[in-house]
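Working notes, beginning with the structure itself.
The values are calculated or read from the model by the stated rules, or taken from the named source; none is laboratory data. Treat the numbers as computed from the prediction; the structure is a model and nothing was measured. Note that each Cβ is placed from the backbone with ideal geometry, even for glycine, and that neighbours are counted across all protein chains shown. Remember, those area values only see protein heavy atoms, side chains included, never the ligands or the DNA or RNA. Shrake-Rupley method; radii C 1.70, N 1.55, O 1.52, S 1.80 Å.
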Amino acid sequence: MDTRLLRTFVTVARTENLTAAAERLHLVQSTVTAQVQALEKDLDLRLFDRLPRGVVLTGAGREVLAQAEAVLEAEARLRAVAASAGGSGGRVTGRVVLSAGETLVSARLPGVIAALRRSHPGVEVDLRTMGTTAAVAALRTGELDLALLLEDEAAFRDIDCTPLAGEPLVLVCSPEHPAAARSATDSPTDWAELAREDYFLHEQGCSYSDSFIERLLAAATGAPPRITRFGSLEAARSCVAAGLGLSLLARANVADALRSGRLTQVPGPQFPDVTVHLARHRRRWLSPAAAALAAELPHHFPH
């Protein structure tokens, strides 16, 4: 059986959408449709019900999906064994799909990938930006091999989460912002004062931003604080550097700006480090390439 048909079938099953599956597979939709139909003909089974909102696995399709994933995993293991025993000269090779939020993608992972290329040049990292909810779902479907999660608590069914490090957080503003002037006083900014400021924070689903907003709202005695949320950390940093408000960010994301004086730290409440967890599906095979990446990651976080 052509495993390309199985890979296409599994991708359609995960996305429940032929167009989305075609985009992930870098195929045109007609090819995806033809491959699904070819597999259905080969198995003499209808695998999907075609509905206006997309495609849904039939009962038979759900049974086939589990076996198809097992076949694809066995194929990956076979290729890994063949690579280590023959063509790669014993080197670790292969592709790893890793996800992380933008906080870590911009601050930590460039160094990880650069180091991995030096130590394991045959390993290719496919890096995707995802929040916790999307990453956990993708680990369960097999779309991801590994995920980095920024969460104080990380407990999910079927997902192993190993704490790697604590990522320090810092409240920042422009040196020209009024909040910066309070750095020379003996009384640090308290939560009630912070609740009266304007904020530019990372998008909803960012665990440390969400927790920070909850504290701000709890401390607000009048009008709620004005909060703008961005999908881009750079957008938030730029607004803060322009003197428009404050932001709570990972120190690694603003280290250069703090050193150069473009941003300054606001004295105030202490913010605990947010934990970085390495997550993987506990029942899925970890390829040698994924294991090499997992071994490299701890060297690039504070200890």
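Across all directions, the shadow cast by the convex hull of the range 13-128 built on its C-alpha atoms averages 9.7 square nanometres. At the listed q of 0.13, 0.18 Å⁻¹, the Debye profile of the range 148-286, built from one uniform point per Cα, gives log10 I(q)/I(0) equal to -0.59, -1.02. Couplings for the range 158-175, taken from phi via the Karplus curve 6.51 cos²θ - 1.76 cosθ + 1.60 with θ = phi - 60°, read 6, 10, 8, 10, 10, x, 9, 5, x, 9, x, 10, 8, 8, 10, 8, 6, x Hz in order; Gly and Pro are left as x. The Cα-based radius of gyration of the range 200-260, divided by its Kirkwood radius, gives an Rg/Rh of 0.98. Spacing of the modelled spin labels on residue 43 and residue 158, each 7 Å from Cα toward Cβ, amounts to 1.7 nm. Rolling a 1.4 Å probe over the protein heavy atoms gives the chain an accessible area of 51 Å² per residue. Rolling a 1.4 angstrom probe over the chain with all protein chains present gives an accessible area of which 51% lies on carbon and sulfur atoms.
For the range 120-182, the share of alpha carbon pairs falling in successive 5 Å distance bins from zero is 3, 13, 19, 16, 13, 10, 9, 7, 6, 4, 0 percent.
The smallest convex shape that holds all Cα atoms of the chain, its convex hull, gives 164 Å³ per residue. From its DSSP helices (H runs of at least four residues, each -39,500 (n - 2.57)), the chain gives a residue-normalised ellipticity at 222 nm of -14000 deg cm²/dmol. Sorted from longest to shortest, the spans of the Cα atoms of the range 61-164 along the three principal axes equal 43, 42, 19 Å. Temperature 37 °C, viscosity 0.692 mPa s: under these conditions the Stokes-Einstein estimate for the range 14-80, based on its Kirkwood radius over C-alpha pairs, is 255 µm² per second.
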